[in-house]
1. Among the numbered criteria (1) loosely packed, with under 13 Cβ neighbours inside 10 Å; (2) within 23 Å of Ile2 (Cβ to Cβ); (3) among the aliphatic types (A, V, I, L, M), which single criterion is violated by Ile68?
2. Any residue in segment 119-140 that's in contact (Cβ under 8 Å) with a residue 40 or more places away in the chain and under 13 Å from Glu96 (Cα atoms): show its pairings with residues that are outside any helix (DSSP H, G or I) and open to solvent by less than 90 Å² (accessible area, probe 1.4 Å) at Cβ separation under 6 Å, as long as the two are six or more apart or on different chains.
3. State all residues of segment 180-214 that are open to solvent by 90 Å² or more (accessible area, probe 1.4 Å), over 29 Å from Val49 (Cβ atoms) and not in a helix (DSSP H, G or I); if no residue qualifies, say none.
4. Quick test for you: out of Leu84, Leu102, Leu44, Leu19, pick the one residue that is over 24 Å from the mean Cα position of the chain (by Cα) and either assigned to a helix (DSSP H, G or I) or under 30 Å from Leu215 (Cβ atoms) (or both).
5. Evaluate segment 26-34: report whether one residue or more is open to solvent by 30 Å² or more (accessible area, probe 1.4 Å), free of Cβ contacts under 8 Å to residues at least 12 places away in the same chain, hydrophobic (A, V, I, L, M, F, W, C) and within 22 Å of Ser10 (Cα to Cα).
Amino acid sequence: MIETMKVANSFPMWIIAMLVVGTVIFQAVMFIRIASRASADVGLTKSEVRAAVRTGAISSLGPSFAIIIVAISLITFIGNPVTLMRIGIVGSAPIETVGASLGAQAAGVDLGSPEFSPQAFTNAVWVMTLGGMGWLLFTALFTKSLGKMEAKVAKKKSNVTLMKAVSTAAMIGAFSYLGGSEMVKGVNESIVFVVAFLVMPVILWASNRFKASWLKEWSLGLIIVVGISVGYLLL
């Protein structure tokens, strides 16, 4: 295991990881620049663009906290560079943990065990990399096609209404699935979810009532704080 960690945290691994993460950062900066330039064409003001960027940044904090917690534990198994590289690309720490575990088990050992050899580490990295390629390939190959499909559908007003309904239903379904999967774990998890569910409309109402647009921007972050606080009190 000690020899494996030397390989996992070696200088060449850091170089590869920084190249990958650097590409991600470059893409993010370019996307923001392109979106800012195109904002005038869709009728957005500079203040609205800044508010959108700020809202996106704040909204990303909540999911990032959960990822960081899992990533810290993943570092002890596969090292800093690979963890940074995988989380920087895919951003799903639980899936990366499963991939690493499956890769190690395929090599005949358990992830993090004393028998976790450099060969098992290599196998785990291959499984994580190949397992995450599907998401990236779908994005690269079909994003443009989905945009064209949306443009064709949006030509009819009735279709636009249908798209809004489908999008809303998809979001409700996604959050219901995520919330439901937590609620089945126990009473405390259910209480946290219900409290967060009830507090969010209050925050949105207060934002409209007192004309405090910043409350909407911070709504997700505030809900996360409320959830964590309620969970802490219940423990």
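1. Among (1) loosely packed, with under 13 Cβ neighbours inside 10 Å; (2) within 23 Å of Ile2 (Cβ to Cβ); (3) among the aliphatic types (A, V, I, L, M), Ile68 violates only (2).
2. Gly132/Val90
3. Val184, Lys185 - these are the residues of segment 180-214 that are open to solvent by 90 Å² or more (accessible area, probe 1.4 Å), over 29 Å from Val49 (Cβ atoms) and not in a helix (DSSP H, G or I).
4. Result: Leu44 is the single residue among Leu84, Leu102, Leu44, Leu19 that is over 24 Å from the mean Cα position of the chain (by Cα) and either assigned to a helix (DSSP H, G or I) or under 30 Å from Leu215 (Cβ atoms) (or both).
5. Taking segment 26-34 as the starting set, the residues that turn out to be open to solvent by 30 Å² or more (accessible area, probe 1.4 Å) are 26-34.
Now narrow it down to the ones that are free of Cβ contacts under 8 Å to residues at least 12 places away in the same chain: 26-31, 33-34.
Filter again for hydrophobic (A, V, I, L, M, F, W, C), leaving 26, 28-31, 34.
Filter once more, so that each one left must be within 22 Å of Ser10 (Cα to Cα): none.
Looking through segment 26-34, none of the residues is open to solvent by 30 Å² or more (accessible area, probe 1.4 Å), free of Cβ contacts under 8 Å to residues at least 12 places away in the same chain, hydrophobic (A, V, I, L, M, F, W, C) and within 22 Å of Ser10 (Cα to Cα).
A quick yes/no check of all residues on (1) closer than 19 Å to Met1 by Cα; (2) in contact with a helix residue (DSSP H, G or I) (Cβ under 7 Å, 6 or more places away or on another chain):
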residue: Gly88; (1), (2): no, yes
residue: Gly103; (1), (2): yes, yes
residue: Pro114; (1), (2): yes, no
residue: Asn123; (1), (2): yes, yes
residue: Phe138; (1), (2): no, no
residue: Phe142; (1), (2): no, no
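The values are calculated or read from the model by the stated rules, or taken from the named source; none is laboratory data. Small disclaimer: the values here were computed from a predicted structure and weren't measured. Cβ coordinates were reconstructed from backbone atoms using ideal geometry, including for glycine residues, and neighbour counts include every protein chain displayed. What goes into the accessible areas is simple: the full protein's heavy atoms, side chains included, and nothing from ligands, DNA or RNA. Shrake-Rupley method; radii C 1.70, N 1.55, O 1.52, S 1.80 Å.
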